[in-house]
Structures are given as C-alpha cells and as structure tokens.
1. Out of all the residues in the stretch 164-199, which are touching a helix residue (DSSP H, G or I) at 6+ places or on another chain (Cβ under 7 Å), open to solvent by 20 Å² or more (accessible area, probe 1.4 Å) and within 19 Å of Val39 (Cα to Cα)?
2. Applying the selection to the stretch 154-167, what residues are more than 16 Å from ligand 1 (Cβ to nearest atom) and at pLDDT 95 or above?
3. Restricting the stretch 200-231 to residues that are within 16 Å of ligand 2 (Cβ to nearest atom) and assigned to a loop (DSSP other than H, G, I, E, B), which is surrounded by the most Cβ atoms within 10 Å (Cβ to Cβ)?
4. Tell me which residues, restricted to the stretch 9-27, are among the small types (Gly, Ala, Ser) and at pLDDT 95 or above.
5. Applying the selection to the stretch 28-54, what residues are open to solvent by less than 30 Å² (accessible area, probe 1.4 Å), in a loop (DSSP other than H, G, I, E, B), at pLDDT 95 or above and away from ligand 2 (no atom under 11 Å from the Cβ)?
6. Just to be sure I understand, how many residues within the stretch 169-196 are polar (S, T, N, Q) and within 16 Å of ligand 1 (Cβ to nearest atom)?
7. Within the stretch 106-141, track down each residue that is assigned to a helix (DSSP H, G or I), buried (at least 16 other Cβ atoms within 10 Å of the Cβ) and either in contact with a His (Cβ under 8 Å, 6 or more places away or on another chain) or not basic (Lys, Arg) (or both).
8. Quick one: is Leu79 open to solvent by less than 60 Å² (accessible area, probe 1.4 Å) and touching a strand residue (DSSP E or B) at 6+ places or on another chain (Cβ under 9 Å)?
Amino acid sequence: MTENQEVITLSHVYYADGNVSILKDITGSFLKGKITTIVGPSGAGKTTLFKLCNGLISPASGDIFFNGKRIDTYEPTELRRNVGIALQSPTMISGSVWENLSLPLTLQGKQLQEKKAKELLKLVGLEEKFLNQNVKDLSGGQRQKVSIARTLVNQPKVLLLDEITSSLDRVSQQEIEALIVRINKESFTTIIWITHNLEQAISIGDYSWVMMGGELIEIVESSRLLYSKNESVQQFVKGDIE
Ligand SMILES: Nc1ncnc2c1ncn2[C@@H]1O[C@H](COP(=O)(O)OP(=O)(O)O)[C@@H](O)[C@H]1O
Ligand SMILES: [Mg+2]
C-alpha cells in the first residue's frame, strides 16, 4: 500500500463570483483512504470548495487534480461517479426509497439490482423493508442514510460530505459517524467531511483543514486542532469567531 497518496490536489485555486472573491489561493491535498474534516465559520468557502472538487463549478485560476489528472480532463459523469457528494438536506425525488436508490443508475440508463439495493440499505443500517417505503415518511436520520446509500451506488473513491449530520439528533449523528468510519475502513474510501461540530471534526478526522474568509488557513492533524500555533485557528476553536 502506498502511503500518503494524494487523491485530490488543489494548486493555487481561486474562485470568484463576478468581482467578488470567494476562494483565494487554495493549495493542498486530500490523502487516499484518509478522513479529512473541514472546519471554519459559515461563509468561509467550504461548500464552494466541494463544488469545485466534483466539477459543478470551475476555478477562475489554478488547477484541481483527481488521481493525478486535471479534473477537467474527466467526463463530468465519470468524475461525479468517482467523487460522490452528500448534503445536509438531501434532495429526494418523491416516491419510494427504491426509486431514490435507483436514481444514479436510471440517470445513466442502467438498472439497480434489488440485491444490490438491499446490500446498500444494510450497509447504512436500514432494514430491507425500507425499500418500499415512501421517502416522505422517513425521519431525518433515515433520509440521510438513504442519501448516503444512494451516493454509494456508484462506488465512489471519494465521498464529499457537507454538514450531513447538522440537523440530526445526537443518536442519528452518532450512527452516521460510525457508518462513515466503517465505509472508510472497509472500502478505503477517501472521506472529506465539512462539519461545524469541532468535536466531530477532531474525533473523526485524520487531518483537518481550517478555512476562513475564502482562505485555507491551516492543514493540521485533527488531534492537534485544539493546539494549533496559528492565532486565527486558536481564536476559531475557542469560539471567538463565528
Ligand atoms: N452562487 C453564489 N453566488 C454568490 N455568492 C456565493 C455563491 N455561492 C457562495 N457564495 C458566497 O461565497 C462565500 C462562501 O460560501 P460557501 O462556500 O457556501 O461557504 P461555507 O460553505 O463555508 O459556509 C459566501 O460569502 C457566500 O455568500
Ligand atoms: Mg456550506
């Protein structure tokens, strides 16, 4: 096994909306098979960074690489199969869990096998019987599990998680954390997880990125986050910013 292999690398990435600078000179790598947590005040540019990483938007300047190749050399669908994303409020089509799980494949003109769907449900800790349930009858935690299962249909190499436990109760939050760690360990899926929960960032992460005002302030081992030498990071973790 190669140690410290870079799966996504950003090099001097800038992003602007019109004249408004949103991301400034972001340079850093996400390592294969690791969990990187991203923290920072709201408006720091974290979600924008994710949109860049799966090709929803393009940088104003700078380069982003996936497995050593610039992401704009991939077919958008291929990139998104490899770099999956899950959001705080997952978008669901009205209908059953089955229809929602099938979506990534039906969009590609393919069909999801029932056996595969059941395996995915099991993986995220939902019983088979959920397959026929209407998504509108699910709890927040169950919806999030379905959303994660749906992202896993394509067997992504990288999972981008944007505040996925922010609106969940503590028990659901812990279940999702355990689930993500298990996916990381069992499939060696690289995880990049935006969270405003510092405790979560520290306990789940191998590495943490601290972003503020469109800049990447520091990349630090998550266990060292509270002991950063960087003054802005110290203030942030003390809760002085936000
Ligand atoms: N589509 C957009 N148009 C204009 N401004 C945007 C857009 N998306 C994000 N922004 C601005 O970019 C900054 C970063 O936003 P975002 O990436 O959502 O931050 P975070 O996820 O860290 O809260 C914010 O100031 C936000 O208002
Ligand atoms: Mg955000």
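1. Ser167, Leu168, Glu177, Val181, Leu198
2. Of all residues in the stretch 154-167, those more than 16 Å from ligand 1 (Cβ to nearest atom) come to 154-159.
Of everything in the stretch 154-167, those that are more than 16 Å from ligand 1 (Cβ to nearest atom) and at pLDDT 95 or above turn out to be Pro156, Lys157, Val158, Leu159.
3. Gly214
4. Of everything in the stretch 9-27, those that are among the small types (Gly, Ala, Ser) and at pLDDT 95 or above turn out to be Ser11, Ala16, Ser21.
5. Gly33
6. Taking the stretch 169-196 and keeping what is polar (S, T, N, Q), we get 172-174, 184, 187, 189-190, 195.
Filter once more, so that each one left must be within 16 Å of ligand 1 (Cβ to nearest atom): 195.
Residues flagged as polar (S, T, N, Q) and within 16 Å of ligand 1 (Cβ to nearest atom) within the stretch 169-196 amount to 1.
7. Taking the stretch 106-141 and keeping what is assigned to a helix (DSSP H, G or I), we get 106, 114-123, 128-132, 135-137, 140-141.
With buried (at least 16 other Cβ atoms within 10 Å of the Cβ) added as a condition, the list becomes 117-118, 120-121, 123, 130-131, 135, 141.
Across the stretch 106-141, the qualifying residues are Ala117, Leu120, Leu121, Leu123, Phe130, Leu131, Val135, Gly141.
8. Details: open to solvent by less than 60 Å² (accessible area, probe 1.4 Å): yes; touching a strand residue (DSSP E or B) at 6+ places or on another chain (Cβ under 9 Å): yes.
So Leu79 fits the description; yes.
The values are calculated or read from the model by the stated rules, or taken from the named source; none is laboratory data. All of these numbers come straight from a predicted model, not from anything done at the bench. Glycine also receives a Cβ, built like all others from the backbone with ideal geometry; neighbour counts cover every protein chain displayed. Areas reflect the complete protein model, heavy atoms only, side chains present, ligands, DNA and RNA absent. Shrake-Rupley method; radii C 1.70, N 1.55, O 1.52, S 1.80 Å.
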